[in-house]
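**Q** Here's a structure for you.
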Amino acid sequence: MTDRARYHRIVLKLSGEALLGSRQYGVDPAVCQFIAHQVQAAQAAGVEVAIVVGGGNIFRGLAAAARGMERATGDYIGMLATVMNGLALQDALEHVNVPTRVMSAIAMNEVAEPYIRRRAVRHLEKGRVALFVAGTGNPYFTTDTAAALRAVEIGAQVLLKATKVDGVYDADPVTNPTARRYAQLQYADLLRDQLKVLDAAAVSLCMENDLPIVVFDLNQPDNITRVAIGEPVGTLISGATSAVGGVPA
């Protein structure tokens, strides 16, 4: 294993929608394989990788609550959806010989280990990918917040937020061709301008613990490794930037 990484321990936040691929629902095995190869390459560069995955490709608690379901019930169903996604990713990773452990915030010993911080750190030190599922184990918290929480707990050096676009823009680049991408932003910029990258609780947690966030395009091969070794990929969000309001790319 080489060691050329700038960030030696990372938390990768994947949305459930990222696993859809071209499907309308569920998990596309080809997408899981694509992610698995990227994670394998990052490990080969000397990076310890933990993953937090959402469940929006299967169930969204907030959307269910809007249709009349009790919010807490909807959130618990969403947590179970993240477990399904975690198991799908585990299978893809182990097909490329990457050892894994699925760790759940909700006890389900037959399919996943309980999340224990010290055990998670030990798995990473031994070269295993830790897949953190079931969010924080509590309703009303998003998987973005779970990712920030786990990253702080395990001493990760960066939180990688995988998206469908190559960073943070001042407008939706899909509908607005003049939208500009930021190379750097401050945490306060996200909160002030309500840039919908992560929820406010996740951003605040990162800000309080000086944990940088990189928002990047998951669909480009090797981007995970490129971020980990310090290449200027996507948008870096941290406590300081060289210009007020961010640096346009």
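The values are calculated or read from the model by the stated rules, or taken from the named source; none is laboratory data. Computed from a prediction, not measured in an experiment: that's the story for all the values here. Note that each Cβ is placed from the backbone with ideal geometry, even for glycine, and that neighbours are counted across all protein chains shown. Quick note on the areas: whole protein, heavy atoms, side chains included, nothing else; ligands and nucleic acids left out. Shrake-Rupley method; radii C 1.70, N 1.55, O 1.52, S 1.80 Å.
**Q** Applying the selection to region 57-79, what residues are surrounded by fewer than 22 Cβ atoms within 10 Å (Cβ to Cβ) and small (Gly, Ala, Ser)?
**A** Matches in region 57-79: 63, 64, 65, 66, 68, 72, 74.
**Q** Test each condition in (1) in contact (Cβ under 8 Å) with a residue 24 or more places away in the chain; (2) more than 11 Å from the chain's Cα centre (by Cα) for residue 175 and report the one that comes out false.
**A** For residue 175, the exception is condition (1).
**Q** Among the residues of region 195-216, count how many are open to solvent by 20 Å² or more (accessible area, probe 1.4 Å), outside any helix (DSSP H, G or I) and either among the charged types (D, E, K, R) or modelled with pLDDT of 95 or more (or both).
**A** The total comes to 5.
**Q** So, in region 85-118, of the ones that are among the acidic types (Asp, Glu) and over 12 Å from residue 36 (Cα atoms), which residue ends up most open to solvent (accessible area, probe 1.4 Å)? Show your work before the answer.
**A** Quick first cut of region 85-118, residues among the acidic types (Asp, Glu) only: 91, 94, 110, 113.
Among the residues that remain, those that are also over 12 Å from residue 36 (Cα atoms) are: 110, 113.
On the way: 110: 169, 113: 44 Å².
Selected residue: 110.
**Q** Which condition from (1) part of a helix (DSSP H, G or I); (2) without any contact (Cβ under 8 Å) to a residue 60 or more places away in the chain is the one that residue 59 breaks?
**A** Result: residue 59 passes all but (1).
**Q** When region 217-228 is examined, which residues are found to be over 12 Å from residue 161 (Cα atoms) and buried (at least 17 other Cβ atoms within 10 Å of the Cβ)?
**A** Correct list: 225, 226, 228.
**Q** Pick out the one residue from 82, 136, 145 that is open to solvent by 10 Å² or more (accessible area, probe 1.4 Å), in contact (Cβ under 8 Å) with a residue 40 or more places away in the chain and among the hydroxyl-bearing types (Ser, Thr, Tyr).
**A** Values: 82 fails: open to solvent by 10 Å² or more (accessible area, probe 1.4 Å); 136 fails: in contact (Cβ under 8 Å) with a residue 40 or more places away in the chain.
The unique qualifying residue is 145.
**Q** Can you find even one residue in region 182-194 that is free of Cβ contacts under 8 Å to residues at least 12 places away in the same chain and part of a loop (DSSP other than H, G, I, E, B)?
**A** Checking region 182-194: at least one residue is free of Cβ contacts under 8 Å to residues at least 12 places away in the same chain and part of a loop (DSSP other than H, G, I, E, B).
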